[in-house]
Each structure stands twice: as C-alpha cells, then as structure tokens.
Amino acid sequence: MWGGRFAEGPSALMREINASIGFDKRLWRQDIAASKAHAAMLAAQGIVAQADVDAILDGLETIAGEYEANGVPEDPALEDIHMHVEARLAELIGPAAGRLHTARSRNDQVTTDFRLWVRDAIDEVGAGLAALQRALVARAAEHVEAIMPGFTHLQSAQPVTLGHHFMAYYEMLRRDRSRFADARARMNESPLGSAALAGTGFPVDREATALALGFDRPTANSLDAVSDRDFALDYLMGATQCALHLSRLAEEFVLWASQPFGFLKLSDSFSTGSSIMPQKRNPDAAELVRGHSGRIAGLMVSLAMTMKGLPLAYSKDMQDDKEPVFQAHDLLIVSLAAMAGMVETSGFDTDRMRAAAAAGHATATDLADWLVREAGVPFREAHHITGRCVRAAEERGCALWDLPLDALRAVDPRIDARVFDVLSLDASVRSRLSFGGTAPAAVAERIEAAKRALGMA
C-alpha cells in the first residue's frame, strides 16, 4: 500500500501488531455500503469515469455476496477490512479498482464505517431494550395489586406492589433508550470526504454521500471528523449505564430466588444445577448479567483512556477503538435478552412476598401520617409517637396493626379507632395515590401509558 515510499516491507511482528482484520472484519457491510456511495458520487461529479464506477459497483456487489456466503478471509498482510475489500476488488476488475480510493483516505473511510456500525448497534440495542420493557410491563400488569416489601438499606421500609417494582425498571430502561437515541442523533453526521485530515482538492459532493448513507449532514470540520470517537464513547457510556440497570435487576433476581427470600422461582431455561448438589437451582444467568456490567464499564474506561491524550488528527492508537465497542455490544445484547427471558419465565410467590411485607412494621409511616392528618400533630412529633408504638408492638411480639387500641392510646391518647383503617398493608398501598406512587390505580395508569408507548395497547 505504501511501497513507493518504503524500500522494505514490514517485519512479521509489525504485520502482527498492525493488523486489525481479526476484529474489524465486522465492518464489511458498512465498508461496502460506504464504498458504493463514494463511488457513485465520484461518477456523478465527473471525477471517475462512469464505466469504471460501474465496474467498481459490480465488483463490490460480488464481494458482498462472497462475504455473506463464506465470511471474510483474513490476510494479516492486508491489515484491515478496507484493504481486504480493495485487494479483492482489484482481483475482480483490475486497475479500475484503484480509482475507488480517489478523494478518500482510510482515515475518513474507517470512521465512516465505524459510525455506520455503531448506528446499527444502537438500533439493535433499542430493540432489545423495548423487548425487556414489554416483558416488565406485561408482568407488572399481572401483579398490579400483589403486595411486597419495599426496601431501603435492604430493610423492610413500606409496602409496595410487585407491579410498581417492575415499572421502576421500565423507567430506568426508558432513560436508557433516551440516552441511546440522543447518541444516535448526535453521531449521525458523515465524515466521508474529510480525507486524511484536511479535506480534499477534488470537487466531491459530501452532501450526496451523507444522504446516500442515511446521515443527516456531513461533518463540519475535517480534522475533527477523522479524529472524533465521541460517538463510540457515547455508545459505551450508554451501554455502561444500561448495564448497571440490568445488574441491579439481576441482583434482585438473585436475592429473590434465594431460599431466605423465596420471592421467585427461576425457570429451568434460565438457571443451572450443581455438579454435586442435586437440589440446587442456581441463578447463573442473572449472575452473568451482573458480571457483564463490570466488563462493559471497564471497556468504556479502556477507550476513554486510549483517547485522553491523543493530539489531532489520527493516531494508530485509535485502531483500538473498535474492540471495546464490539465486545461491549455483544455483552449488552445477550444481557438484555437474558433479563427479558428471566422476567418472562420466572414464577413469583406473591403470598410469600405479602408475608414479608407484613414483617418489620412496614405501615408505621401510615400511622405517623394519620396523626398529622387526623390529630393535627406536627410530623416530627408524629414520627416520635409512632416510634414508641413500634417499640410497644415489638415488646408484645405482634404487628403494629395488631396492637390493641388501648396500647396505642397509652402511647398517645389522640389515637382513636379510625387509625386501623390505615394500618393494614392494603390500606397503606391504596393510599399512595400521588403521581408515580404505588397505589394499584396509579400503577395501572402508568402501565397503560407504557403499553401505548411500546405499541402494546
């Protein structure tokens, strides 16, 4: 490729460290698409004869068919997917193949291909997120009224519903979809035509190639265009945040599937056994999703550290931009699918959840709120009164709502029999009617809105 300048070829070690075909072959569809758009523009602008461009386009179509059928061959001497395509094109159509690289550098070529790949990856993640959201919403609709303990510090805090809990993860994933959509919109500019770093003296039509490839516009600065990897970092940062959400849900499935909790039973499809303990049902899928989150976060940091000290424009370090994104994408896609499968197929023991919610005096806040509403007690005082009532219940070994009225009045005479209307689990949950609250009526409204947003209605 640069034989005119160098008298000797690279060493075997240089070929090995320099070659990227082992991983960037994943870009072959994007490389051929961008090459077709570039070739068509060269002909339209009169830069390359139409006959040569016709041969180039036919050859690229042939290569695409070969790669689709047989995969991409790997020759380290050809370094990367871009030179593999160009070399095969020369074998097919001869010297006309050399005209394809007119007004183009590998610098703008690779970043164009990579942007196209990341754009496709974002679309794939969006579909995976929507599938998991649909699974969460469907299970939430089944369990709008199923009471479970809501936790803070992993201590029983207030009763909520399982439907409300699932919808919390729906909201997390809604933000993830928004982040990826923002990243997609921001990156949808075409670097093609920026050449090595300074643009080109040929009369190229960058608007035409941008339009042909589905970009909104060409990039505005050639130096920035070839050295920018913000789009890759945006993807990795979105993937990291999404993976953290998946990890939290996976951790809850691990906890809930344990015998001390017993809130759910994982299906055979998403659990494994033990080599020596026949009774075991291990939440391996959830644990792997939890583990993948750390790997994805590490891949994000890897690329950030690669880019942090690079001057403009292109440096060979940037060849290491693709593997972190490819690996993170693979991990994220399988994690999304695994969590969707677990949500869809797990069985939930709502009786056990309700029994757990009854422990820990979870309606204590309802007593404090009742004192504020019905007895005009300042909340901070009501908090202290309720704390003494909880201590009285603990001393008797009973639930707060099972305390006799005289025991409650012994703590504060302003408490009357109406308080029992708010102390039950069902009353507590029904009362949380504020927007976004856990009341079944409020959760049902949010589920219907989510169904409409997801096309489930």
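Site pair GLU142 and VAL301 shows an inter-label distance of 3.8 nm when each label is modelled 7 Å from Cα along Cα→Cβ. The calculated FRET efficiency for LYS451 paired with SER315, based on their beta-carbon distance and R0 = 60 Å, is about 0.75.
Entry comment: accessible area of the chain is 46 Å² per residue, from protein heavy atoms only and a probe of 1.4 Å.
Placing unit charges on the Cβ atoms only, positive for Lys and Arg and negative for Asp and Glu, gives the chain a dipole magnitude near 1180 debye about its Cα centre.
Dipole magnitude for the range 12-102: computed about the Cα centre from +1 point charges on Lys and Arg Cβ and -1 point charges on Asp and Glu Cβ, it is near 200 debye.
Summing charges over all other residues whose Cβ lies under 15 Å from the Cβ of PHE231, with Lys and Arg as +1 and Asp and Glu as -1, gives -4. Of the DSSP H helices in the chain, those that are both long (alpha-carbon extent of 15 Å or more along the helix axis) and hydrophobic (Kyte-Doolittle mean at least -1.0) are 28-44, 50-70, 81-93, 106-142, 162-187, 230-257, 284-307, 322-345, 364-375, 379-396, 440-454. Of the residues ARG184, ARG409, ranked by 1.4 Å probe accessible area with the largest first, the sequence reads ARG409, ARG184. Residue ranking by accessible heavy-atom surface, 1.4 Å probe, largest first, among SER269, SER275 comes out as SER275, SER269.
Apolar share of the accessible surface for the range 12-102: 53 percent from carbon plus sulfur atoms, 1.4 Å probe. Here the accessible area of the range 361-454 is 52 percent carbon and sulfur, with a 1.4 angstrom probe and all protein chains present.
Of the two radii for the range 258-302, the radius of gyration is 1.13 times the Kirkwood radius, both from the alpha carbons; that is the Rg over Rh value.
Treating only the Cβ of Lys, Arg, Asp and Glu as charged (+1, +1, -1, -1), what charge dipole size does the range 272-381 show about its Cα centre? Round to the nearest 20 debye. Dipole magnitude for the range 272-381 comes out near 220 debye. Solvent-accessible area assigned to carbon and sulfur over the range 237-338 amounts to 57 percent, based on a 1.4 Å probe. Each of ALA12 and ALA127 was given a label point 7 Å from its Cα along the Cα-to-Cβ line. The distance between the two points is 4.3 nm. For LYS265, a cut-off of 25 angstrom between C-alpha atoms picks up these lysines, skipping any fewer than 8 places away in its own chain: LYS280.
Here's the list of lysines a cross-link from LYS316 could span, going by alpha-carbon distance under 25 Å and ignoring same-chain residues fewer than 8 apart: LYS25, LYS308. From the Kirkwood radius over Cα pairs of the range 361-454, Stokes-Einstein at 20 °C and 1.002 mPa s returns a whole-number translational diffusion coefficient of 150 µm²/s. Note on the range 292-336: Kirkwood radius taken over Cα pairs, Stokes-Einstein applied at 20 °C and 1.002 mPa s, translational D equal to 192 µm² s⁻¹.
Neighbours of ALA286, meaning other residues whose beta-carbon lies under 10 angstrom from its beta-carbon, give a summed charge of -3 when Lys and Arg score +1 and Asp and Glu score -1. Here HIS84 sits with roughly 10 square angstrom of accessible surface, probe radius 1.4 Å. The label point for LEU405 and the one for VAL334, both projected 7 Å from the Cα toward the Cβ, are 6.3 nm apart. Length available on full extension from ALA444 to ARG281: 0.36 nm per residue minus the Cα-Cα distance, which gives 55.4 nm. Note on ARG396/GLN259: beta-carbon distance plugged into 1/(1 + (r/R0)^6) with R0 of 35 Å gives a FRET efficiency of 0.75. Computed extension length for ARG174-PHE420: 84.7 nm, one decimal, from 0.36 nm per residue of separation with the Cα-Cα distance subtracted.
Here, the range 40-114 is characterised by an Rg to Rh ratio of 0.96, where Rg is the alpha-carbon radius of gyration and Rh the Kirkwood radius.
Near GLY262, once Lys and Arg are set to +1 and Asp and Glu to -1 for all other residues with Cβ below 11 Å from its Cβ, the sum equals 0. For the range 12-102, relative contact order (Cα pairs under 8 Å, six or more residues apart, normalised by length) works out to 43 percent. Each peptide in 298-306, 326-334, 160-168 gets a packing score, the mean of other Cβ atoms within 10 Å over its residues, and the list from highest to lowest is 160-168, 326-334, 298-306.
The values are calculated or read from the model by the stated rules, or taken from the named source; none is laboratory data. The structure displayed is predicted, hence computed values, not measured ones. Note that each Cβ is placed from the backbone with ideal geometry, even for glycine, and that neighbours are counted across all protein chains shown. Each accessible area value is taken on the protein alone, full model and side chains, heavy atoms only, with ligands, DNA and RNA left out. Shrake-Rupley method; radii C 1.70, N 1.55, O 1.52, S 1.80 Å.
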